[in-house]
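The values are calculated or read from the model by the stated rules, or taken from the named source; none is laboratory data. Not measured: the values here are computed from a predicted model. Glycine gets a Cβ as well: all are built from the backbone with ideal geometry, and neighbour counts include every protein chain shown.
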Ligand SMILES: [Ca+2]
Ligand SMILES: [Ca+2]
Ligand SMILES: [Ca+2]
């Protein structure tokens, strides 16, 4: 046995800094030019009959001061077809229909202004004339022209803000688009339970530098023409994937918007800038909406792929769901799911992708830079004396041997390299009180190419011991677990399982490498490797050793005593699944024993299951990722939040973002304080 000590670099700060930098790099920084405040001018044009179209009248104005956004209003209800075209430098645009502005505040709210119909605003970029076609007989028809006027704005094109230690994506603040303050203080709901996606009537060819002006134009129209308190949407997403704070009041608070009749309280409204009536929303915008909602919904523990029952508060005539109606809606829905509208156009068909992306970003925190796709190994243990578990992560293949120690809310407690910096085979992790008389340790095992090295650390990176678990030539990698499996020694033990390409050899050691036992967990010709966990599954006060077969072997889980006696054996998934199975343990609800938790290996869905040691199903289990996710899932049990029963920390395999999430045994996400 060999003992190795080397200088360890504490990485917590570096990991966080790299993380923030990687996220910020994803969004292009818009270029800003001279910008001015926006104002709505009301025009009352003369109307003339249209020869070719009965019951339609036309208004025509040219050589007016430049305007950037246009909309109409009249007394009474929305009726008939309204369309508009504009002229700039002598060139007319095509006719564009203007739908009713159906995303208003609830009829009885203080923002409602009944008695006047308003169309959606249309962003025209630059125009100096217009024609509108409207049904004849409209009373007090007005054309609203939003113009850049007034004082020049000093817009700070600063980098959008992101929280380094959570998955909050960078969001451009209201200052960055020159928002006007709301007329009165914002209203708040008790929480956010769902999200609605919208599109906006605007060109799909705007540049990044146009976005602040578009937002100011929409805000002016909503405040001055619609009479609302502020811009109606809580967030806006541009076609480049940039995220923008909409309605004021705090991006992480349940600000009541004015975006969907009957359901605005307790929902958040996200508008994608563009008209998707006849085409799909661009990929970066769909991705941006997903990343935004993965974070926003996570603040209240809402599953982005789930459904729930919502009660309409819409008492307006012609409501799709009259007040009091309970409607089952996706937690991320399109505007048209709640109101009579075509919004958000073909983006409605892309909402599955938004939900799926949101789910991927709905974990508690990123353990490594967002672009890292090597997968994350995970363990849990109590390091700080507060009875609340911490999380230990090990980077998967390709990522350098970086280990992180985290509070459940993503605050880093420690970080270090478990092996030489140039090693990229991945780091498997476990926790246990293995160091004689010492604190709880982090135990690491090298992935493929790292030799049979096991290392023992304290959370500050101090390397207290290390040894080779197998023959020095063994290079297939190994899995580790730690716990009190041998009652004859005062400290906890380290359990190793040979990796893919090795035999099914499980060994037990003291922290200094003193061998205490070993056995073959599967037939000796099985070369798929053995994942290991420990837990007292039979309640005798001594931990058993749980094994999960690696790839090629079927999802075979076994339970052993220290001396190799097999006391349990079952298939965790369909026997035809050969992607391997990860194992862990979690306290059973009565607290008397540990249950076995399993995660499907790579190639499988993110299916987590719960068993007792006989293989009886002990809980519902859950799918962690979206249905089409085949990265597999790794997990460890712990006590991360005193108010939540049966808790696991979850990560995914190669191909997924390096997110750490938390689930109850019956599936719902939760977020440690
Ligand atoms: Ca703790
Ligand atoms: Ca012991
Ligand atoms: Ca036991």
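For the stretch 468-491, name all the residues that are near ligand 2 (Cβ under 10 Å from one of its atoms), assigned to a loop (DSSP other than H, G, I, E, B) and in contact with a strand residue (DSSP E or B) (Cβ under 8 Å, 6 or more places away or on another chain). Matches in the stretch 468-491: 484, 485, 486, 489.
Looking only at residues in the stretch 492-503 that are within 16 Å of ligand 3 (Cβ to nearest atom) and part of a strand (DSSP E or B), which one is farthest from residue 448 (Cα to Cα)? Full working, then the answer.
Let us first name the residues in the stretch 492-503 that are within 16 Å of ligand 3 (Cβ to nearest atom), namely 492-493, 495.
Then drop every residue that is not part of a strand (DSSP E or B), which leaves 493, 495.
Numbers: 493: 23, 495: 18 Å.
The residue in question is 493.
Residue 624 meets the conditions (1) in contact (Cβ under 8 Å) with a residue 40 or more places away in the chain; (2) surrounded by 23 or more Cβ atoms within 10 Å (Cβ to Cβ); (3) within 17 Å of the chain's Cα centre (by Cα) in every case but one. The failed one is (1).
Here residue 462 meets each of (1) within 22 Å of residue 550 (Cβ to Cβ); (2) away from ligand 2 (no atom under 14 Å from the Cβ) with one exception, condition (1).
Hey, could you check the stretch 322-334 for residues that are surrounded by fewer than 15 Cβ atoms within 10 Å (Cβ to Cβ) and more than 24 Å from the chain's Cα centre (by Cα) and say which is nearest to residue 304 (Cα to Cα)? Before the answer, list the steps.
As a first pass, look at the stretch 322-334 and keep what is surrounded by fewer than 15 Cβ atoms within 10 Å (Cβ to Cβ): 322, 324-326, 328.
When the remaining residues are screened for being more than 24 Å from the chain's Cα centre (by Cα), the result is 322, 324-326.
Details: 322: 25, 324: 24, 325: 23, 326: 20 Å.
Checked the stretch 322-334; the qualifying residue nearest to residue 304 (Cα to Cα) is 326.
When restricted to residues that are farther than 15 Å from residue 494 by Cα and either touching a strand residue (DSSP E or B) at 6+ places or on another chain (Cβ under 9 Å) or within 16 Å of ligand 2 (Cβ to nearest atom) (or both), the stretch 514-532 contains 8. Restricting 248, 262 to those that are more than 23 Å from residue 124 (Cα to Cα) and modelled with pLDDT of 95 or more reduces the list to 248. From the list 337, 342, the one residue that fits, being modelled with pLDDT under 90, surrounded by fewer than 19 Cβ atoms within 10 Å (Cβ to Cβ) and on the phi < 0 side of the Ramachandran plot, is 342.
Consider the stretch 534-553. How many of its residues are more than 14 Å from ligand 3 (Cβ to nearest atom) and under 23 Å from residue 429 (Cβ atoms)? Quick ask: steps written out before the conclusion?
Step one: filter the stretch 534-553 for residues more than 14 Å from ligand 3 (Cβ to nearest atom), giving 547-553.
Those still in the list that are under 23 Å from residue 429 (Cβ atoms) too: 547-551, 553.
Adding up the residues that qualify gives 6.
Restricting the search to strands (runs of 3 or more DSSP E) fully inside the stretch 235-319 and requiring at least 3 residues that are surrounded by fewer than 24 Cβ atoms within 10 Å (Cβ to Cβ) and more than 19 Å from the chain's Cα centre (by Cα) gives 307-311.
Looking across the stretch 533-559, the residues that are within 16 Å of ligand 2 (Cβ to nearest atom) and part of a strand (DSSP E or B) come down to 534, 535, 544, 545.
Looking at the stretch 554-564, can you tell me whether even one residue there is at pLDDT 95 or above, more than 16 Å from ligand 3 (Cβ to nearest atom), surrounded by fewer than 24 Cβ atoms within 10 Å (Cβ to Cβ) and more than 36 Å from the chain's Cα centre (by Cα)? No: zero hits.
Just so you know, in the stretch 505-526 the residues that are in a loop (DSSP other than H, G, I, E, B) and either over 17 Å from residue 575 (Cα atoms) or within 14 Å of ligand 3 (Cβ to nearest atom) (or both) include one that is farthest from the chain's Cα centre (by Cα), and it is 514. Look at the stretch 509-520: where a residue is closer than 14 Å to residue 467 by Cα and a partner is modelled with pLDDT of 95 or more and surrounded by fewer than 16 Cβ atoms within 10 Å (Cβ to Cβ), sitting 6+ places away or on another chain with Cβ atoms under 6 Å, you get 509/515. The residue list 650, 644 contains one member that is part of a strand (DSSP E or B), away from ligand 2 (no atom under 16 Å from the Cβ) and either farther than 21 Å from residue 500 by Cα or in the same structural domain as residue 353 (by TED's automatic domain parsing) (or both), which is 650.
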